[in-house]
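Input: a single structure, listed below in structure tokens.
The values are calculated or read from the model by the stated rules, or taken from the named source; none is laboratory data. Everything numeric here is computed off the predicted structure, so don't read it as measured data. Here the Cβ is made from the backbone with ideal geometry for all residues, glycine too, and neighbour counts use every protein chain on show. The protein model used for the area step is the full one, side chains on, heavy atoms only, and it has no ligands, DNA or RNA in it. Shrake-Rupley method; radii C 1.70, N 1.55, O 1.52, S 1.80 Å.
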Amino acid sequence: MANPIKGVPHLMTLADLNVHQIHKIVAHSRYLKRTSLPWLAPLSKQPKAPTSHGYGKSPSQSSSMVRTIPRTLDRKTIALLFSKRSTRTRVAAETAATLLGGQALFLGRDDIQLGVNESLRDSARVIAGMCQGIFARVGDHEEIEELAKYSAVPVLNALSSLWHPTQVLADLLTLQEKAYLFETPGSRQPGSYPRLRPLTIAYVGDSANVLHDMLVTYPRMGHQLRVASPDNEKYRAPKAVWDRVVELECDKGIFWTSDPREAVHGADVVVTDTWISMGQEAEKEQRLRDFQGYQVTEELCREGGANPEWKFMHCLPRKPHEVDDEVFYGPRSLVFQEADNRKWTIMALFDLLFGQWRFTPELPGEREQTGEN
């Protein structure tokens, strides 16, 4: 995005990135995950690295054959500006910063003057003078735009009223890791790297920030998006979002309906999200009425003609009226892998954006992770 402070990169939405950059970030997330997990295992379960006398040393004793985690945030502090409560985003951010050698400084709505006794412009200047990155979870999207406009360090959108880029990156990583679930039998040569085929992805629910980043991302990556939301303007993508969709020519890969059964037709993946976002509690009863019949169930997807092997995703937290227990806790569900991957995609962005001020990593092992020859 444009910024008066020249050269400072920010990320507000995946619409700000090209397809190559998105692929690189997902690949880098996968690389960091594979690199980090051996170091997080109990000592007794850590893989053994070879020594001059054979095998015996763990990564805590020798790193000669085990990749080390990049320390790009060494001595750096990342400000977590959260005006909304969070579980996955906060835990992912704090643990990711630690792995990269940095420190996450949590600043909640009751901790600092942000937007209360001090302007966003002044807060951005003060925080950027002491921290090396800002990860902001805000209400109105204009708030994070204002922070980025006056920040001398990179600002990453942890969630806003319009966009949720780190969630969709985690979803993409999950789908890449589960690519084998969507393969046609016999379509891959033995021993070759599984590649994610073009999918039909159905979204059933409110047009909120997660869907908005899906709209500007999935069609560019070759996936078809089928969306169902009630026939009411407030449940459709706002103009600011749809303008980006059209600008990126993603509208050609999107089908929109008010019938959830029509939306799930042919779906490989079915996605839903909260019907009642934070700040919409006063609308709860009306929204529950408007979304009657939108609960994701086996019956809904069978009647709608979803792919018999369809999988389910949800960004969490989940309410039973959005999806029933049979689907949410059943074998179709990818929700907890999806939640786990919030850490690795946020870690990748912290490494690249805050540590390197770039979006395209070129690190050892990346070629292996992307499956390039």
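Report the residue count in the stretch 112-123 for those that are outside any loop (DSSP other than H, G, I, E, B) and over 20 Å from Glu94 (Cβ atoms). So the answer is 5.
Filtered by the rule that a residue be over 19 Å from the mean Cα position of the chain (by Cα), among the charged types (D, E, K, R) and either open to solvent by less than 20 Å² (accessible area, probe 1.4 Å) or outside the structural domain of Gln292 (by the TED database) (or both), the stretch 303-348 gives a lone residue, Glu322. Out of Thr98, Thr72, Thr89, report the one residue that is closer than 30 Å to Leu316 by Cα, modelled with pLDDT of 95 or more, touching a helix residue (DSSP H, G or I) at 6+ places or on another chain (Cβ under 8 Å) and part of a helix (DSSP H, G or I). The match here is Thr89.
For the stretch 26-57, filtered to residues that are within 32 Å of the chain's Cα centre (by Cα) and at pLDDT below 75, the residue that is surrounded by the fewest Cβ atoms within 10 Å (Cβ to Cβ) is Pro47.
Residues checked against (1) surrounded by 14 or more Cβ atoms within 10 Å (Cβ to Cβ); (2) part of a loop (DSSP other than H, G, I, E, B):
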site	(1), (2)
Asp231	no, yes
Ala237	yes, yes
Val241	yes, no
Arg244	yes, no
Lys252	no, no
Trp256	yes, no
Arg261	yes, no
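Here is the figure for the stretch 5-19: residues that are outside any loop (DSSP other than H, G, I, E, B) and more than 15 Å from Ile134 (Cα to Cα) total 4.
Quickly run through the stretch 267-296 and pick out the residues that are at pLDDT 95 or above, open to solvent by less than 40 Å² (accessible area, probe 1.4 Å) and part of a loop (DSSP other than H, G, I, E, B). Passing the criteria: Ala267, Asp268, Asp273, Phe291, Tyr294.
Look at the stretch 116-131: where a residue is more than 20 Å from Phe350 (Cβ to Cβ) and not assigned by the TED database to the domain that holds Leu105, no partner that is open to solvent by 20 Å² or more (accessible area, probe 1.4 Å) and modelled with pLDDT under 95 sits 6+ places away or on another chain with Cβ atoms under 8 Å. Within the stretch 197-215, identify whether any single residue is of a type in the set (D, E, K, R) and either surrounded by fewer than 21 Cβ atoms within 10 Å (Cβ to Cβ) or more than 19 Å from Pro165 (Cα to Cα) (or both), and answer yes or no. Within the stretch 197-215 (the criterion being of a type in the set (D, E, K, R) and either surrounded by fewer than 21 Cβ atoms within 10 Å (Cβ to Cβ) or more than 19 Å from Pro165 (Cα to Cα) (or both)), the answer is yes, since at least one residue qualifies.
Every listed requirement among (1) at pLDDT below 95; (2) part of a helix (DSSP H, G or I); (3) not charged (D, E, K, R) is met by His23 save one, (1). The set of residues in the stretch 272-311 that are under 17 Å from Leu225 (Cα atoms) and among the charged types (D, E, K, R) comprises Asp273, Lys311. State the number of residues belonging to the stretch 124-173 that are of a type in the set (Ser, Thr, Tyr), open to solvent by 10 Å² or more (accessible area, probe 1.4 Å) and in a helix (DSSP H, G or I). Total meeting the criteria: 1.
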